[in-house]
Amino acid sequence: MSDDIDTPAKAEPPSRFRRRLGAYLPLILFGALAMLFLFRLDDAGNNRKIPSALIDRPVPEFDLPPLDGLARDGAPMPGLATADLKPGDGVPTIVNVWASWCVPCRQEHPVLMDIAGEGKVRLVGINYKDRPGNARRFLGDLGNPFTAVGVDANGRVGIDWGVYGVPETYIVDGDGVIRFKYVGPLSETVMAETFRPALDKVLSGAGSN
């Protein structure tokens, strides 16, 4: 047979580069996600004072039911509503958005217990997209620093508050005006460097920012 006779060309196998890319693609994606997570953690540590359109504005209108079965001193604990944050007595209220499924909430809880023990401000909670039984066990295990807990089961009130994610903590002055917002878990360092100076400012009547 003549060497000049054409034969059908065989399909070229995938290149070595493509084979390697396919093999390493999951690792590349995992590495990218890990870097993004670390970047967000680092950014969170550097600056958790998130700008909010609600700063220096009255708290939004809301009315949340109490956490079913939660009691203190034998009496059912109340839910939380707008009117509770406008007592007009000059005493600030700290509003903490938390959930039992939130690991950072567990980490910050001792700080909330310390704040409650000081007795300088009211400390209330918004239980965010949680299960009542889990939320009660969370407070039963770690202690209950709140004087009231409102249940935001579907997250609708969280949207009105501009919640990015739990935990978040707000300082509301005695007239019901939001003066400060912190996104992320409170720690001793955060309290000393960021949160307590803002709280002291509100306690002194100097207002926000």
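Restricting the first residue to the range 129-148 and requiring it to be within 18 Å of Ala75 (Cβ to Cβ), which pairs with a second residue that is assigned to a helix (DSSP H, G or I) and among the β-branched types (Val, Ile, Thr) meet a Cβ separation below 9 Å and a spacing of at least six or different chains?
What qualifies is Pro145/Ile115.
Tell me the residue from Pro87, Pro78, Pro60 that is part of a loop (DSSP other than H, G, I, E, B) and more than 19 Å from Ile178 (Cα to Cα), please. Please lay out each step first, then the result.
Working: Pro87 fails: more than 19 Å from Ile178 (Cα to Cα); Pro60 fails: more than 19 Å from Ile178 (Cα to Cα).
Criteria check complete, one pass: Pro78.
So which residues in the range 49-98 are of a type in the set (Phe, Trp, Tyr) and surrounded by fewer than 21 Cβ atoms within 10 Å (Cβ to Cβ)?
Once the filter is applied, which keeps residues that are of a type in the set (Phe, Trp, Tyr) and surrounded by fewer than 21 Cβ atoms within 10 Å (Cβ to Cβ), the range 49-98 yields only Phe62.
Values quoted throughout were computed directly from the atomic coordinates according to the rules given, and no laboratory measurement underlies them. None of these values were measured; they are calculated from a predicted model. With ideal geometry, Cβ positions are generated from the backbone for all residues, glycine too; neighbour counts draw on all protein chains shown.
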